[in-house]
Amino acid sequence: MRTKDESEWIKIPNHHTPLVSKELFEKANASIKRFKIPKRKQHSYPLRGKVFCGSCKHAMHRSNETIYRCRFSYMDSSQPCYGMTIRESELESIVYEFLCKQFEVSLGIDGPNELKPVDKVAVRRAEFDNQIFELQEEKRKLYEALVIKQIDVNLYKEQKALIEQRLLEVQNTKAVVMTRLEAEQQEKERQHQQKDVLQSLVENKGLTSELVDMLIEKIFIYPNKRVEIVLKIKNDLA
């Protein structure tokens, strides 16, 4: 059911004999203390909704805000995950160290004297554009020479074909090189993003809900506290 707004109520004044007078009703109604039930505070913690039992695949329960335990096998001692627990602080430490190592291994950080990827692309594009412009200018001057009859038509056609061939070669080379450089730039930008994530991990000196949500799909806990972490960005960290 949903309560309609008072503006949508159907009211029939004086429909029946009142038990009390209107004045008494309003006075009593005004004196009633109305209490609002406060909304339950939703506790937030970094690994919320990420921890699962590796044996039965059920979500593990966080009890007393200190321990994760598998409640599915709580009453069944035959299950391999019966009585399995892991401390929250221990698990967070494992996940934190794992993420730091993953990013440290996967990152290729540029040296201080290396041009940024965007600079390399811009420089190479400018070089090719300059070559193309010079060839187009050469072609234009060749046509002017024909117009003022410094050269004949046959020489013009021969020289024009050579210029157009060189122009086509430069344009094709530019397309190949720029495609490769742009791919390298995207890879470098991805690495810089990973570097920012690693920096956030180091600066926070621990996990945050934002980082966990961004990086981790699930965490499976197995007997003997073996931990398996499924990353959202596993392809980038391959």
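Can you tell me which of SER63, SER89, SER93 is at pLDDT 75 or above, more than 27 Å from the chain's Cα centre (by Cα) and of a type outside the set (A, V, I, L, M)? Break it down into steps so the answer makes sense when it comes.
Working: SER89 fails: more than 27 Å from the chain's Cα centre (by Cα); SER93 fails: more than 27 Å from the chain's Cα centre (by Cα).
Result of the check over SER63, SER89, SER93: SER63.
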* Structure fact -> In region 170-189, anything touching a residue at least 24 places away in the same chain (Cβ under 8 Å) and β-branched (Val, Ile, Thr) is listed as VAL170, THR173, VAL177
* Structure fact -> Across region 73-89, the tally of residues that are without any contact (Cβ under 8 Å) to a residue 24 or more places away in the chain, in contact with a Lys or Arg (Cβ under 9 Å, 6 or more places away or on another chain) and either part of a loop (DSSP other than H, G, I, E, B) or over 16 Å from LYS57 (Cα atoms) (or both) stands at 1
* What are the residues in region 44-70 that are closer than 10 Å to GLU88 by Cα, assigned to a loop (DSSP other than H, G, I, E, B) and of a type in the set (Lys, Arg), if any? -> none
* Does GLU164 meet the test of being modelled with pLDDT of 90 or more, farther than 30 Å from LYS232 by Cβ and surrounded by 12 or more Cβ atoms within 10 Å (Cβ to Cβ)? -> yes
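I'm checking my understanding of the structure. Among residues of region 179-238 that are over 18 Å from the mean Cα position of the chain (by Cα) and part of a loop (DSSP other than H, G, I, E, B), which one is modelled with the lowest pLDDT?
As a first pass, look at region 179-238 and keep what is over 18 Å from the mean Cα position of the chain (by Cα): 179-185, 202-206, 219-228.
Next, only the ones that are part of a loop (DSSP other than H, G, I, E, B) stay: 205-206.
Numbers: LYS205: 71, GLY206: 74.
Top of the filtered list is LYS205.
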* Structure fact -> Quick count over region 213-231, residues being more than 21 Å from ARG87 (Cβ to Cβ) and surrounded by 13 or more Cβ atoms within 10 Å (Cβ to Cβ), is 3
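The values are calculated or read from the model by the stated rules, or taken from the named source; none is laboratory data. Model, not experiment: these values are computed from the prediction. FYI the Cβ positions are ideal-geometry reconstructions off the backbone, even for glycines, and counts take in every protein chain you see.
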